[in-house]
1. Between a first residue in region 20-38 that is on the phi > 0 side of the Ramachandran plot and a second residue that is open to solvent by less than 60 Å² (accessible area, probe 1.4 Å) and polar (S, T, N, Q), which pairs have beta carbons less than 8 Å apart while being 6 or more apart in sequence or on different chains?
2. Working only within region 105-127, note down all residues that are part of a strand (DSSP E or B) and not charged (D, E, K, R).
3. Please work out which residue is most open to solvent (accessible area, probe 1.4 Å), limiting yourself to region 128-141 and to residues that are within 15 Å of LYS23 (Cβ to Cβ) and outside any strand (DSSP E or B).
4. I need the full set of residues from region 32-53 which are surrounded by fewer than 15 Cβ atoms within 10 Å (Cβ to Cβ) and within 12 Å of ILE120 (Cα to Cα), in order please.
5. Restricting to region 97-135, name every residue that is of a type outside the set (Gly, Ala, Ser), in contact with a Leu (Cβ under 6 Å, 6 or more places away or on another chain) and touching a residue at least 60 places away in the same chain (Cβ under 8 Å).
Amino acid sequence: MKIKYLTLFLLANVLILVDQYSKFLVITHLPLYHSIEVIEGVFNLTHIRNPGVAFGLFAGLESQYKAWIFVFISTVAIIAILVIYHHTPKEHRMVRIALILILSGAIGNVIDRIVYQEVIDFLDIFYEGYHWPAFNFADSCISIGVGLMILDLFQKHPKQLLSSHATKESLDDRQ
């Protein structure tokens, strides 16, 4: 049991530090709204600020409490993630890693909202006429974590298949 929480603590802290350090480098070396071309026609480092949530949703919402509302919602999500992590069996390693990634990303972005009242974004991907909204390392952790959770949903373990099949058969027999 201790390994489970040690893994959570160590991995989450490393990911949060990488996120915050990458944002620190962007803030100190790249003026706001400036870009550095990394891969021509595909990828730039662009320093922008996102006062909204994912993909800039609610960015236009005008309220002096907006950042604190987002901090509150994120805090509730962080607590929920920790509760789910606590109840996730050790056999579900992919789910536990996914939860650590999502938790780390959420904490990284909450730190930005507390310190800057908005999130620092800088990874800018585009191709021809298509442009993905700028994002950061924390957003990547969240996206990868959600992807792993979805992947896990489609991977039923043999014991789960047998128990769900047996449960269905017993329900069918009762009818």
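1. Within 8 Å, the pairs are TYR33/THR46.
2. VAL119, ILE120, PHE122, LEU123, ILE125, PHE126, TYR127
3. Step by step, filter region 128-141, then rank; the result is PHE137.
4. Within region 32-53, LEU32, TYR33 meet the criteria.
5. Those that are of a type outside the set (Gly, Ala, Ser), in contact with a Leu (Cβ under 6 Å, 6 or more places away or on another chain) and touching a residue at least 60 places away in the same chain (Cβ under 8 Å): ILE100, PHE122.
The values are calculated or read from the model by the stated rules, or taken from the named source; none is laboratory data. Just so it is clear, the model here is predicted, and its values are computed rather than measured. All Cβ positions, even for glycine, are placed from backbone atoms using ideal geometry, and neighbour counts span all protein chains on display. The accessibility values were calculated without ligands, DNA or RNA, using every heavy atom of the protein model including side chains. Shrake-Rupley method; radii C 1.70, N 1.55, O 1.52, S 1.80 Å.
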